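Structure record follows, encoded as structure tokens.
The values are calculated or read from the model by the stated rules, or taken from the named source; none is laboratory data. All of these numbers come straight from a predicted model, not from anything done at the bench. Glycine also receives a Cβ, built like all others from the backbone with ideal geometry; neighbour counts cover every protein chain displayed. With ligands, DNA and RNA removed, areas are computed over all heavy atoms of the protein, side chains included. Shrake-Rupley method; radii C 1.70, N 1.55, O 1.52, S 1.80 Å.
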Amino acid sequence: MTHTDYPRTLFQKIWDRHVVAPADGDNVVLYIDRHLVNEVTSPQAFEGLRIAGRTVRRPGATIAVADHNVPTTDRDRPIADSDSRAQVATLERNVAEFGVPYVPLLSRAQGIVHVIGPDLGLTLPGLTIVCGDSHTSTHGAFGALAFGIGTSEVEHVLATQTLIQRPAKNMLVKVAGKLPNGVTAKDLILAIVGRIGTAGANGHVIEYAGEAIDALDMAGRMTVCNMSIEAGARAGMIAPDEVTFAYLNGRPMVPHGAAFERAKAEWLALRSDEGASYDHQIDIDAADVEPMVTWGTSPEAVTSVRGRVPDPTALGPDARRQVERALDYMGLLPGSSLKGLPIDVVFIGSCTNSRIEDLRSAAQIVRGRQVAGAVRALVVPGSGQVKAQAEAEGLDRIFKAAGFEWREPGCSMCLGMNPDRLRPGERCASTSNRNFEGRQGPGGRTHLMSPAMAAAAALFGHIVDVRELP
Amino acid sequence: MQIFTTLTAVAAALPVANIDTDKILSGEHLKTIGRHGLGTKLFSMLRYDERGDERPDFVLNRDPWRSAGILISLENFGCGSSREHAPWALADFGLRCIIAPSFADIFYANCFKNGILPVVLARRVVDALMLDASDGRRARMHIDLPAQTITRWNGEQIEFDIAPDRKQALLFGRDEIAETLEKAAAISCWEQVASLIAVDIPVDIGAYP
Ligand code: SF4
């Protein structure tokens, strides 16, 4: 363990603690405590091990689940799409061969990898957590150092339980004050991405702090850390506190009893020291944040629901070309208002917003109302556990009575690798994290927003300001 | 791993910022269990129309850029997902060098694992190279990694920066896993000293909760 006499950030503390050995240049060999594996980014990694005659160094630090490709209906039947079926079958063959813990499709624990980690208590403060998926940043909400890696690195972690990494820079995003009523963690992170831009935190790990962050529940903190990657950050993190400990206590893989108390004592030290220095600091006033909606094809193309689509003629040449292209793709007129924009599809789900708290917040809006005429509306819980909890609370009945489809857990329409896709030209109010061209299906048009806002859009058939609902 | 020393090739200009990994290789093409053959899927949304026919106005569908080996683009290239399928598709097409004012972190790191040289240059230099690339007669460039230079059609040389360890990795290729496995003793030692808060996950975790 490294002892230092200078004040360190939360990131530096976890980093220092996990350095196994120096490597060349600025690089270190960094120990990885938890490795999450999905079916999309792992086949070539296991194949690499096989070719080199290598084994998985620590299967017990590894957990695999299929989430991207899985159908959200008819789970008892074989997966219809042959490529998807092959990818899931390949994962099953690999975990069996290499002895890796696996959550099968029909298990109640199955779900989006970034939802089941916290569900099962695999995500703990102070750990290093990686996955071949950029939204691994989600787990930073617990005060873990969690980041996405490529398939070559997946293979490296499988073989060595470490990664060769160079240190990141530190950015502090401090959110003072309280979020107004009707404004959620999703609106906050969309506002932050809008403010600093999709490359704003390149090379940095963002630490979120301040009164508004402290006030968030774990689901909200996960939503914020999840979309750190949309600001270009390697990871997002939040120091653990009593909210974190209360969430963790009693989950299957969290230490119990006296061991929990001992762990808690260690976790309490996981906060940035007074006077720790950051390469950048961004200050946000929570009171200024409004319900946010993206209008373009990049998460930074976002504005308040009361806002308007920009007018490209008022911009410089680069920005102008970009905005023109985005508006053309999105089928929007310059200067038009977002409120009142008709939508065809509503997607409530994804690793950003598919937790029980997200479903409750959507159900509260939906209760006793009906989905508007032609709108196709989907709720896709993040995991089997979330789904069961929601059903125990009767949320499924609220959604179904209103005309929502109630699905099995998975990534679903977040990226449309399974049959849940937008058709060309369809406009979707989505609680996911990316609005890139074609992300939800070729030609599909995505507007990112909070679960409450998406639920409200489903009821009216167009974008509304959730604060104005009767 | 494929090594990279020098490259003489046609450069193609893609003057768009924030080229994301979905644009490089869209989600529907991620359902592969191999690394090869993704070149035909590269930039599919830009390259092909709804019927799957080539869009004649897209740069990589035109000569001489159809056989481009270098791609020049704008800020934050490769943002979005961590999918290594993106560099696999670029390399499979034959694009071995990407020049841009900035790259997204994970994409940048992934390039080096796949024999692709990502070059960061100031925007005004990128703009100049992009002008060259847009003119079929001037589009051929020479990249020299040992010398860290790009030679334009008129012989002018442009220098670029690259971290020494990354340069070494591209020049000589490396088996990082083998190198790390040589440190197995240090890894075991770390594991013994570390606290055991992160206990092993049972193999039947799927039976929880
Ligand atoms: S829900 Fe979407 S963003 Fe999250 S892991 Fe799945 S595909 Fe990626």
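Quick notes
- Verdict on residue A:243 being more than 16 Å from the ligand (Cβ to nearest atom) and within 14 Å of chain B (Cβ to nearest Cβ): no
Residue by residue, here is whether (1) within 16 Å of the ligand (Cβ to nearest atom); (2) touching a Pro at 6+ places or on another chain (Cβ under 6 Å); (3) farther than 30 Å from residue A:247 by Cβ; (4) within 14 Å of another protein chain (Cβ to nearest Cβ) holds:
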{"residue": "A:330", "(1), (2), (3), (4)": "no, no, yes, no"}
{"residue": "A:348", "(1), (2), (3), (4)": "yes, yes, no, no"}
{"residue": "A:375", "(1), (2), (3), (4)": "no, no, yes, no"}
{"residue": "A:386", "(1), (2), (3), (4)": "yes, no, no, yes"}
{"residue": "A:395", "(1), (2), (3), (4)": "no, no, no, no"}
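- Residue within the range A:18-36 that is within 16 Å of the ligand (Cβ to nearest atom), touching a strand residue (DSSP E or B) at 6+ places or on another chain (Cβ under 7 Å) and more than 8 Å from every other protein chain (Cβ to nearest Cβ) present: yes
- Checking residue A:322 against (1) within 16 Å of the ligand (Cβ to nearest atom); (2) within 13 Å of another protein chain (Cβ to nearest Cβ), the condition it does not meet: (1)
- Some residue of the range B:163-175 being over 23 Å from the mean Cα position of the chain (by Cα) and open to solvent by 80 Å² or more (accessible area, probe 1.4 Å): no
- Among the residues listed as A:90, A:62, A:72, A:41, the single one being among the hydroxyl-bearing types (Ser, Thr, Tyr) and away from every other protein chain (no Cβ under 11 Å): A:72
- Taking first residues from the range A:241-253 that are within 18 Å of residue A:271 (Cα to Cα) and partners that are of a type in the set (Lys, Arg), the Cβ contacts under 6 Å between residues at least 6 apart in sequence or on separate chains come to A:245/A:264.
- Of the candidates B:28, B:84, the single residue that is out of contact with any Phe, Trp or Tyr (no Cβ under 6 Å at 6 or more places or on another chain), within 16 Å of the ligand (Cβ to nearest atom) and over 27 Å from residue A:201 (Cβ atoms) is B:28.
- Checked against (1) modelled with pLDDT under 95; (2) under 20 Å from residue A:41 (Cα atoms), residue B:3 passes all but condition (2).
- For the range A:133-151, the set of residues classified as within 10 Å of the ligand (Cβ to nearest atom) and at the interface with another protein chain (Cβ under 9 Å from one of its Cβ atoms) consists of A:133, A:134, A:135, A:136, A:148, listed by residue number.
- Residues of the range A:430-457 that are more than 16 Å from the ligand (Cβ to nearest atom) and hydrophobic (A, V, I, L, M, F, W, C): A:452, A:453, A:455, A:456, A:457.
- Yes/no for residue A:411 being within 16 Å of the ligand (Cβ to nearest atom), touching a His at 6+ places or on another chain (Cβ under 6 Å) and touching a residue at least 12 places away in the same chain (Cβ under 8 Å): yes
- Selection from the range A:115-131 of residues that are within 22 Å of residue A:412 (Cβ to Cβ), facing another protein chain (nearest Cβ under 10 Å) and either surrounded by fewer than 24 Cβ atoms within 10 Å (Cβ to Cβ) or near the ligand (Cβ under 10 Å from one of its atoms) (or both): A:120, A:131
- Helices (runs of 4 or more DSSP H) fully within the range A:185-262 counting 2 or more residues that are hydroxyl-bearing (Ser, Thr, Tyr): A:242-248
- Residue in the range A:14-25 that is within 23 Å of the chain's Cα centre (by Cα) and surrounded by fewer than 22 Cβ atoms within 10 Å (Cβ to Cβ) present: yes
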